[in-house]
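Enquirer: Have a look at this one before I ask anything.
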Amino acid sequence: MSASAQGSSTTTKAVVSDAKNGDEAKEQKPAAQLEEDDEFEDFPMEDWTEEDTQLPGGNTHLWEESWDDDDTSEDFSVQLKEELKKVGKA
Amino acid sequence: MPGFGASMGMVETFLRETNEVLRERDGERLQDFLVIEPPFKPIYENLIAEVRQSYPQDDEGKDRKRLEERIQGFMTECEEIPSENGVVGSWSAMVQFLAEWLAFLRDLNVENLLDTYLRLSELLKKATNALGHSTKGIIILPTVIAYAKVFARLAIGLDKKPELIAHLVISTSEDGSQETLPEKAAEVLRKAFVSCLNDRNTTPTGIRDGKPDGKKVAIYKLANICLKVLFQCDKKESGEYIFANISNSSPPLSIYPASERVTYLYYLGRFHFMANHFYPAQIALQRAYDECPIHASCLKQRRLIVIYLIAANLILGRFPTPSLYGRPEAHGLRERFHPITRAIAKGDLESFRRLMDWKTEHAPWFLHYRIFEQIQNRCEVYVWRSIFRKVFLLSGDQGDTNRRAAPTIDLRKVLAAFHYFEKRAMMNEALAQQDAGPGRRHISFLFMDTTPPASAGYVDPDFDGLDIKPVVRFQDIIEMEAIASSLVLQGFLNGFISHSRQKFAITGAKKKGGALVAGFPRVWEVVRQKAQGQEDECPGWKRDGGAVGLGGTVIRLSGARGVGVGEW
């Protein structure tokens, strides 16, 4: 499959650059591995406790429910406003 | 395997030992005993050599019969025996399985992947038959699970080598439909799963001392192996059977180990996502995410869960916060998702169209995870809502509560906004950027052809070669009314349309303390309210306290309606 082929090539690249520049590769490697394939692998352990799942700092604010954009002064809105002014004039 | 007496043959020693293990009902030891993966220890090599010599392969199956007879002679544990509760039936399936195992080792050729797969399939079927014994079947359960894992790995591996299995793919099932190798493999695994699910030799609830009783202990292990095959080979829809059966007769998920819970909820969430049931998908995936360990060793699992969790939430009108994007498993996801949520919030249909174009930079990534079209189709409606909102903010009539005049939006202006975005979306991006609006356009823009390119229109391939100019069609005022009606129907806009005045009037502004709050309810709020009463409803997730079904009822998950899913 092409996806896995691509994945393995990125891993090889990461390993190669690892030899050249350790620090840089350390940062790149996880990212490259993350995109490899979509197989949900078996967990390395069978069971765990709730503490193992706690996000650091207890930050559980994951979702923004109020995301409406009220900004009318940025370029996007200014351009749109000009466009709307034309309505009815023609 | 123990040491061997010099006078005894290897087969005989093996059978005596096996009988002893069965007598002790030691399932773990039996699994250690019945290896299938090379390299084998010398003792097994000797056993294989003896089987090859004494029971060579025979096309008519005589070797198998002779093996079974030999096995039967030693397996007192497989005979019918009287007990306090009546007669315990004979376990002939175990004898057949052991014969199959010896023949499997004898003929194993790992160079031939397909043959190994087919033989392992037979072996697993025989093991599953042996698992069916009401009282003794549980002894072979660890072996079945171990084989199932190897079998699944082989099936997935083979599915990626179509040249080896092409001739198997065209075979048809009983109802005439084509069945692929992974589906057949899943069918073999499913039988083991059903055997555990329907174990009657347990307490009525299937729970003993807070733990799954009997063979029910393996329900989710086997379900997850089966689902892995189906998902890896893109046959997710076949997972419905597993989820429906679990809904029907499994003990609650909460009494199973965390690894099984999280894996199962991941597959369940993805199944609902695939079926466009985004609310239940979000429920299952959120719990999978919450219960997944934050250890670095589980980063890959967290990554997969969070990708689908974000996609499901986007579709339900909830966007990731910076703290979610900041998580290690979400590395790089902001670059992919944030431009989309930004376009939705602003009502920037032009950017949305560009981001959701098949040719866009990130499209292959979204397509790889199969979340592209869902976001494209479902989230466009939120862009529409934002356009209405933006047009109201920029040019709406705020109304007059004293004169009881409702705030209104001119639908002709909404139409102008749609046209403005659609036309820009058809320009190349560099050209669109030069168009900074009337009076502010770059001088070069004036000399450019801004009519949409021919490629923006559609000509059916049937008309290929004929001189037909594609027509690029833009929305008209009637479509604005249709879009407004659709948004009202889905609860994303509050008000009514005045057809004669071509306006949309917002209702309830005075009561709710403002036209924006009254006219444009938050998407997530609307979705959540629709789901109320069935907020925890996630078909396929067996909760605590739910009555265990008595069998016979099959819940059709495909008929389950996704909450929060509009009619569009």
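The values are calculated or read from the model by the stated rules, or taken from the named source; none is laboratory data. Because the structure is a prediction, the values reported are computed rather than measured. Virtual Cβ from ideal backbone geometry, glycine too; neighbours counted across all protein chains shown. Calculation scope for accessible area: heavy atoms of the full protein, side chains included, ligands and nucleic acids excluded. Shrake-Rupley method; radii C 1.70, N 1.55, O 1.52, S 1.80 Å.
Enquirer: What would the Debye formula give as log10 I(q)/I(0) at q = 0.25 Å⁻¹ for the alpha-carbon point model of the range B:75-154, no solvent?
Expert: Here log10 of I(q) over I(0) equals -1.17.
Enquirer: Let me ask something else. Taking the alpha-carbon distance from B:Lys216 and a cut-off under 12 Å, which aspartates and glutamates remain once sequence neighbours fewer than 8 residues away in the same chain are dropped?
Expert: B:Asp199
Enquirer: Under the definition of partner shielding as Cβ atoms of other protein chains within 10 Å of a residue Cβ, what is the mean value for peptide B:294-307?
Expert: That average works out to 4.
Enquirer: Spelling out what I want: for every residue of the range B:514-521, take phi, set θ = phi - 60°, compute 6.51 cos²θ - 1.76 cosθ + 1.60 (Karplus), and round to whole Hz; glycine and proline get x.
Expert: With the stated coefficients, the range B:514-521 comes to x, 5, 5, 5, 6, x, 10, x Hz.
Enquirer: Taking the Cβ of B:Tyr420 as the centre, find all other residues whose Cβ is under 9 Å away and add up their charges (Lys, Arg: +1; Asp, Glu: -1).
Expert: -1
Enquirer: How far is helix B:62-74 tilted, in degrees, relative to the longest principal axis of the Cα atoms in chain B, given as a value from 0 to 90 rounded to the nearest 10?
Expert: Taking Cα atoms only, the helix is inclined about 70 degrees.
Enquirer: Further, regarding this structure: If you fit an axis through the alpha-carbon atoms of helix B:411-426 and take the longest principal axis of the Cα set of chain B, what angle between them do you get, 0 to 90°, nearest 10?
Expert: 60 degrees
Enquirer: If you fit an axis through the alpha-carbon atoms of helix B:113-131 and take the longest principal axis of the Cα set of chain B, what angle between them do you get, 0 to 90°, nearest 10?
Expert: 70 degrees
Enquirer: For B:Lys530, give me every one of the aspartates and glutamates with a C-alpha distance below 16 angstrom, ignoring sequence neighbours fewer than eight places off in its own chain.
Expert: Within the straight-line limit of under 16 Å, B:Lys530 reaches these aspartates and glutamates: A:Glu65, B:Glu567.
Enquirer: What distance in nm separates the simple spin-label points at B:Lys191 and B:Lys65, each placed 7 Å from Cα in the Cβ direction?
Expert: According to this spin-label approximation, the distance is 2.2 nm.
Enquirer: Counting only other chains, and only Cβ atoms inside 10 Å, what mean value do you get across the residues of A:41-52?
Expert: 6
Enquirer: Here is the link list: B:Lys413/B:Lys512; A:Lys85/B:Lys346; B:Lys184/B:Lys359. Which ones come out longer than 27 Å on Cα distance?
Expert: The answer is B:Lys184/B:Lys359.
Enquirer: Other chains near B:319-325: what is the mean number of their Cβ atoms within 10 Å of each residue's Cβ?
Expert: 5
Enquirer: Could I ask something else about it? Which whole-number percent gives the relative contact order of the range B:318-416, counting Cα pairs below 8 Å spaced six or more residues apart?
Expert: 21 percent
Enquirer: Students often check this: by mean Cβ neighbours within 10 Å, which of B:313-319, B:148-154, B:73-79, B:159-165 ranks highest, and how do the rest follow?
Expert: B:313-319, B:148-154, B:73-79, B:159-165
Enquirer: Sorted by packing (mean other beta-carbon atoms within 10 Å per residue), highest first, where do B:205-214, B:101-110 land?
Expert: Going from most to least packed, we get B:101-110, B:205-214.
Enquirer: If you don't mind, there's one more thing I want to ask. Give me the accessible area buried between chains B and A, both sides summed, with a 1.4 Å probe, in Å² rounded to the nearest 100.
Expert: For chain B against chain A, roughly 6000 Å² becomes buried.
Enquirer: In whole Å, what is the distance between the alpha-carbon centres of the range B:175-245 and the range B:356-428?
Expert: Spelled out, the Cα-based centre of one part sits 44 Å from the other.
Enquirer: Now for a separate question. Heavy atoms only, probe 1.4 Å: what % of the accessible area of the range B:106-235 goes to carbon and sulfur, would you let me know?
Expert: Roughly 52 percent of what the probe reaches on the range B:106-235 is carbon or sulfur.
Enquirer: Additional query: Provide the packing ranking of B:514-520, B:410-416, i.e. peptides ordered by the mean count of other C-beta atoms within 10 Å per residue, highest first.
Expert: Per-residue Cβ counts within 10 Å, averaged per peptide and sorted highest first, yield B:410-416, B:514-520.
Enquirer: Moving on. Mind checking which aspartates and glutamates have their C-alpha under 18 Å from A:Lys86, skipping anything on the same chain fewer than 8 residues away?
Expert: Within the straight-line cut-off, A:Lys86 pairs with A:Asp75, B:Asp397, B:Asp410, B:Glu422, B:Asp435, B:Asp476.
Enquirer: Report the Rg/Rh value for chain B, based on alpha-carbon coordinates and the Kirkwood definition of Rh.
Expert: 1.11
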